[in-house]
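A short worksheet on the structure shown next.
The values are calculated or read from the model by the stated rules, or taken from the named source; none is laboratory data. This one's a predicted model, so the numbers in the text were calculated from it and none came from an experiment. Here the Cβ is made from the backbone with ideal geometry for all residues, glycine too, and neighbour counts use every protein chain on show. Side chains included, ligands, DNA and RNA excluded: accessible areas come from the protein's heavy atoms. Shrake-Rupley method; radii C 1.70, N 1.55, O 1.52, S 1.80 Å.
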Amino acid sequence: MKNTETSLHVRGLSQFIDDRHTPEGTLHAAIFDAPVACGKIIKLDCEAAKSSPGVVEVILAKDIPGENQVGNIIADEVLLAENEIEFMGQPIAIVVANSAREARTALSKIKIEINEKTPVTDPREAAAKGHFICPPRTFSLGNTNEAWAKCDIIVEGIAESGGHEHLYLEMQGALATPKENGKMEIISSTQGPTSVQKTVARILNIPMHKIEVDVLRLGGGFGGKEDQATIWACLAALSAQICEKPVKLILRRHEDMRMTGKRHPYSSDFKIGLSKDLKILAYEAQYYQNAGASADLSTAILERTLFHATNSYFIPNMQATAFSCRTNLPPNTAFRGFGGPQGMFVIESAIAKAAEKLGVDPIQIQKANLLDEDDSFPYGQIVKNGRAKATWGDMEKRYELESRRKQIDKFNAENRMVKKGLAVMPICFGISFTATFLNQANALVHVYMDGSAGISTGAVEMGQGVNMKMRQVVASIFSIDVGRIHTETTNTSRTANTSPTAASAGADLNGHATRIACENILARLRESAANILDKPDAANITIQNETVFYDGQATELSWQDLVGQTYLKRISLSAHAHYATPEIYFDKETEKGEPFAYHTFGAAIVETTVDCLRGTYHIDKVDVSHDFGKSMNKLVDLGQAEGGIVQGLGWMTLEEIIYDKKGKLQTGTLSTYKVPDIYFAPDEINVHFMENPFPNAAIFNSKAIGEPPLMYGIGGYFAILDAIKAFRPEVEKKYVAPMTNERALMLMY
Ligand code: MTE
Ligand code: QUE
Ligand code: MOS
């Protein structure tokens, strides 16, 4: 079924913040940000900026009426720097002017004197200095110390994965409008409207009920607007409060790239031990997460790295420790996969290195260690209805893995300067926020007297199609046409205390809440129908394709008439419902529990061709067998799978974020930061929708799809490495992503 919003997007009719109507007299803000990464502010002179044409106000930390604090999990992040500068790009002052151009012109007139200090940009250096965001966390299973003695081979190594720019099409921004009686209305490009509401309340020192946050849709979020949209909403709201006028703040691309955090780079140590028959007996890893200057979501991301430390494999003895290291970079944040991809890259590197030592294909090791039913994850959850082997088996057969391998080996034997490479990437991703309290959602459903319906949930539409899925839930429960259903904006006055739309759980959590609300209304409608039809038993009433049935027989009564008549009988056609994922829990003391409602599984083959003279490469093909449960919208889910794969391939290959020693972003433009385009995208992506017959906690058994496919992209790195090995067998001792063209070339020469 087509996502009905797509036709708005392709015709340019969907509205983003900058497209929305701005009230008369709206002012525009621009941000003065730190020109160095570490130091103390000695003097700040804003006089020239204040008298610059069109400037209305210059706002500093001292002007904040509430607390100068935006930290969410840990209160360690100021909105505006007052004394200490912690990263280059840190907001220091807001210039509010009649136009965005005038505001930006004034920025250059602000003079700042700084006592500069040497920044720390490397996580291992930060760790050596004891600069941590939180105490380290360790997950373990079995006993690695005892297991090493039983291993036939042991390899150790280092794996490093880089940052990742979200590059949402719509930049960070907000429009704040002061309303009657101290109320503040904020239109924000955020994945977490409640976080914005809560943090603005803290900044302005007013209760949450005075703040209404409204989100129509985002031009992409990818995690980058889960926590980090809040800052810009706070800056706009603070400006609006002080100027008593609506204020719009929208970053430009280079500002956004410079000032906002990205996926966390990780530097990790691993040690892996196997038996001769390729069973992994023991695995140890230490992760050094580059958190940037403040916590943001780093602690939760660190935790997810540990949850996915062993990917789809059962490893009886494992111990993994993760350090969140404070550096002088913009605070890094959520990005599709939320630390999972970083953890998976390390185990895949360990397997690749072990394979090299054993002289086998990594695929053999991967296959020999897949999770089986009733295996235990390191965090205590037991594999139930696991699909690691099922998806692998389907992938192997459907895409003829063995003969593909042979064809590639043959090609490589016949070609000297062009080599092909192949890798398999299995994935296992836990669905649920690992912070159990976040696994709840609300929905408000109104059926209007004409038979149409409106739904409000906490779900934020960011291109992932969640609104379409919510409409399908309503259409399915009522058995009416989706065209009758409208998804309203995500608004904190209609849906309160919402979790961010994240962790791929948006459709599940809000879908279940919507389902329950609809079931409540449906129960009333069935009573009403029995009454109208003069039938004894409401239990025998059903609605099918907008017609009321009794005892399986169609009646004269239509959906629309039923709704109209129910209204006349003064029966409520609205419902609010709450959903909380049942049974999940996690104990941080023991690091054990059952944190996930379920897991999704899959396996992908990635095939590439490398030009061994130039170091350039092309991703030829990605073939996937993915466990969808029972997809409720195959077009939407296919789009999520394809988009995630290409985004993951980009992270592993082209996209390289470089900060210099002074903490300055060297790749802060689209000419220096290369992202996948249509030429880079694989020639072919085949996604097989594997159905999973077992019931699960997903909405209508349609498993979460937002994040998991990104991790197939990791196969891109290892496919290129495979090709390089065909050219130069004795390659790298260190696994460093992204595998840029330069790095590929350096590996070969
Ligand atoms: N798809 C698009 N088009 N745009 C996005 O910003 N974000 C991803 C994923 N897919 C994103 C996307 C991320 S990080 C998450 S967590 C999920 O969508 C969130 O939506 P869901 O919970 O409804 O899957
Ligand atoms: C996945 C996620 C999130 C997560 C855990 C996941 C996430 C998120 C949080 C979180 C944790 C603790 C808090 C908080 C948020 O945890 O997005 O405010 O106090 O925000 O496994 O995506
Ligand atoms: Mo997605 S990283 O959980 O917003």
Just round it to a whole percent: the fraction of Cα-Cα distances in the range 441-500 exceeding 15 Å. 46
For the table Lys50/Lys111; Lys198/Lys248; Lys384/Lys634; Lys210/Lys469; Lys225/Lys384; Lys384/Lys703, the rows whose alpha-carbon distance is greater than 22 Å are Lys384/Lys634; Lys210/Lys469; Lys225/Lys384
Kindly write out, for the range 193-205 in residue order, the coupling ³J(HN,Hα) from the Karplus curve 6.51 cos²θ - 1.76 cosθ + 1.60 (θ = phi - 60°), rounded to whole Hz, with x marking Gly and Pro. x, 5, 4, 4, 4, 5, 6, 5, 4, 5, 5, 8, 6
Check Gly458: other-chain or 5+ apart residues with amide H under 5 Å from its amide H, H built from backbone geometry? Asn442
In the chain, what percentage of the DSSP-assigned beta bridges are antiparallel, given to the nearest 5? 75
In whole Å, what three semi-axes, largest first, describe the equivalent ellipsoid of the range 281-344 built from its Cα gyration tensor (square root of 5 times each eigenvalue)? 24, 12, 7
Cross-link list Lys367/Lys397; Lys62/Lys117; Lys43/Lys662; Lys279/Lys367; Lys674/Lys734; Lys661/Lys734: which exceed 18 angstrom alpha carbon to alpha carbon? Lys62/Lys117; Lys43/Lys662; Lys674/Lys734; Lys661/Lys734
Got the relative contact order for the range 553-671 handy, in percent, Cα pairs under 8 Å and 6 or more residues apart? 11
Could you give the C-alpha radius of gyration of the range 99-202 expressed as a fraction of 2.2 N^0.38 Å, taking N as the number of residues it contains? 1.90
Interchain or sequence-distant (5+) residues whose placed amide H lies within less than 5 Å of the amide H of Asn72 are Asp296
The range 539-692 - share of DSSP beta bridges that are antiparallel (%, nearest 5): 70
Excluding residues fewer than 8 positions from Lys245 in its own chain, the aspartates and glutamates with Cα under 14 Å of it are Glu24, Glu57, Glu180, Glu185
Given Cα pairs under 8 Å that are at least 6 residues apart, what percent is the relative contact order of the chain? 15
Expressed as a whole number of Å, what is the distance separating the alpha-carbon centroids of the range 318-394 and the range 709-730? 16
For the range 613-666, rounded, prolate or oblate, judged on the Cα gyration tensor with a ≥ b ≥ c (square roots of eigenvalues), a/c < 1.5 rounded, else prolate if a/b > b/c? oblate
Would you report the distance distribution of C-alpha pairs in the range 512-647 as whole percents per 10 angstrom bin, up to the bin with the largest distance? 9, 22, 18, 19, 17, 9, 4, 2, 0
Considering the dipole of the chain built from charges on the beta carbon (Lys and Arg +1, Asp and Glu -1) around the Cα centre, which of Gly615, Thr391, Ile521 is farthest to its positive end? Gly615
State to the nearest 20 debye the size of the charge dipole of the chain about its Cα centre, where the only charges are +1 on K and R beta carbons and -1 on D and E beta carbons. 920
Give the dimensionless ratio obtained when the Cα radius of gyration of the range 46-129 is divided by 2.2 N^0.38 Å. 1.33
Amide H of His486: which non-local residues (sequence gap of 5 or more, or other chain) have their own amide H closer than 5 Å, using H built in the peptide plane? Ala453, Gly454, Ile455
Share of pairwise Cα separations in the range 643-687, more than 11 Å, in percent: 70
What is the percent carbon and sulfur in the accessible area of the range 358-475, measuring with a 1.4 Å probe over the protein chains and ignoring ligands? 53
Please give the per residue accessible area of the chain, computed with a probe of 1.4 Å over protein heavy atoms only, in Å². 38
Compactness index (Cα Rg / 2.2 N^0.38 Å), the range 270-398: 1.14
Setting aside same-chain residues fewer than 8 positions from Lys183, which aspartates and glutamates have a Cα under 15 Å from its Cα? Glu212, Asp214, Glu244
Mind running the shape call on the range 406-479? Use the C-alpha gyration tensor, a ≥ b ≥ c as the square roots of the eigenvalues: rounded below 1.5 for a/c, prolate if a/b tops b/c, oblate otherwise. prolate
Whole-Hz ³J(HN,Hα) for each residue in the range 117-129, computed from phi via Karplus 6.51 cos²θ - 1.76 cosθ + 1.60 with θ = phi - 60°, x for glycine and proline: what do you get? 10, 6, x, 10, 10, 9, x, 5, 5, 4, 4, 4, 7
Can you compute the radius of gyration and Dmax for the range 44-90, using only the Cα atoms, both in Å? 13.2, 40
Summing Lys, Arg as +1 and Asp, Glu as -1, what charge do residues with Cβ under 10 Å from the Cβ of Lys262 carry, Lys262 excluded? -1
Kirkwood hydrodynamic radius over Cα pairs of the chain, then Stokes diffusion coefficient at 4 °C and 1.567 mPa s, in µm²/s: 48
Could you run the Karplus curve 6.51 cos²θ - 1.76 cosθ + 1.60 with θ = phi - 60° over the range 646-653 and give me ³J(HN,Hα) per residue in whole Hz, x for Gly and Pro? 5, 5, x, 4, x, 4, 7, 10
If each DSSP helix of 4+ residues adds -39,500 (n - 2.57) and the sum is divided by the residues in the chain, what number results at 222 nm, nearest 500 deg cm²/dmol? -8500 deg cm²/dmol
So which trypsin sites (Lys or Arg not before Pro) in the range 397-501 pass both tests, a DSSP loop state and at most 10 other Cβ atoms within 10 Å of the Cβ? Arg416
Under the √(5λ) rule applied to the eigenvalues of the Cα gyration tensor, what semi-axes describe the equivalent ellipsoid of the range 471-546? Give them in Å, descending. 29, 13, 11
Quick check: the distance between the Cα centres of the range 401-441 and the range 618-645, to the nearest angstrom? 13
Go from 0 up to the bin containing the longest alpha carbon distance in the range 443-595, width 5 Å each, and give me the % of pairs per bin. 2, 9, 18, 19, 16, 12, 9, 7, 4, 2, 1, 1, 0
Alpha carbons only, please: Rg and Dmax for the range 627-749, in angstrom. 18.0, 55
Do any trypsin sites (Lys or Arg not before Pro) in the range 509-598 lie in a loop, going by DSSP, with at most 13 other beta-carbon atoms within 10 Å of their beta carbon, and if so which? Lys569, Arg570, Lys588
With the convex hull built on the Cα atoms of the range 691-749, state its orientation-averaged projected area in nm². 6.2
For the charge dipole of the chain, defined by +1 on Lys and Arg C-beta atoms and -1 on Asp and Glu C-beta atoms about the Cα centroid, which residue among Ser504, Thr4, Thr321 has the Cα displaced farthest towards the positive pole? Thr321
